[in-house]
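For reference, the structure discussed in these notes is given below.
The values are calculated or read from the model by the stated rules, or taken from the named source; none is laboratory data. Being a predicted model, the structure only gives us computed values, none of them experimental. Here Cβ is always computed from backbone atoms with ideal geometry, including for glycine, and neighbour counts include all displayed protein chains. Quick note on the areas: whole protein, heavy atoms, side chains included, nothing else; ligands and nucleic acids left out. Shrake-Rupley method; radii C 1.70, N 1.55, O 1.52, S 1.80 Å.
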Amino acid sequence: MNFQDNFLYALENTKIILLPRRIVSTFGTTLLHYYLVTEDLDKVDLCFVREGKLEAERPRIITSPQFAKLSLEGFGKEAQEYAQWLLKNSQQGNVSFLRYGFLFKKDDLRFNEVKGSSEEVCNRLKEELVKEGNPLSVLLKGEEELWEVSLLKFLVDWVRMSMGKNIQDFRQEGFI
């Protein structure tokens, strides 16, 4: 399977179990707490739970040529290749758009093995997160070998969800 097929497989198999109740802040930093569940490929009823933080910088208005300088510090090779593939397949001329910056803090990454099916593990975690009530927690289910691609897919989707409100905020303040 080539890397594009791997991306598509990871994208199709990424599920958002619990969506954050807030969007990316237009004028400040947003700190997202993520949990990503994957299944062990060799053992039945064993899952891996990665927990970490993603820091979203305030969006900035940029042009298409500036987008080519996208940097994904802390992400692995597969995630870097996916970002390049995304850039190549989403450029539609010279337009202005919002740039969202994310900092992936691997030093904050926690990795746990948890017994149970991915469905059971996701249900338990979702219940705990709902009780905690953090509006910036997200729970995802992804593929073990491409978990970072799953995380990036969520980020792209979350930015899309945030974009309308962010553009409205920029217009209201006279920036665009």
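The table for this structure:
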read-out	value
Selection from the range 28-38 of residues that are modelled with pLDDT of 90 or more and surrounded by fewer than 19 Cβ atoms within 10 Å (Cβ to Cβ)	H33
Residue that is modelled with the highest pLDDT, among those in the range 1-22 that are part of a loop (DSSP other than H, G, I, E, B) and farther than 25 Å from R110 by Cβ	N2
Candidate set: the range 39-66, residues that are modelled with pLDDT under 90 and assigned to a strand (DSSP E or B); chosen: the one most open to solvent (accessible area, probe 1.4 Å)	R60
Top-ranked residue of the range 122-155 - restricted to ones that are touching an Asp or Glu at 6+ places or on another chain (Cβ under 9 Å) and open to solvent by 10 Å² or more (accessible area, probe 1.4 Å), ranked as modelled with the highest pLDDT	K141
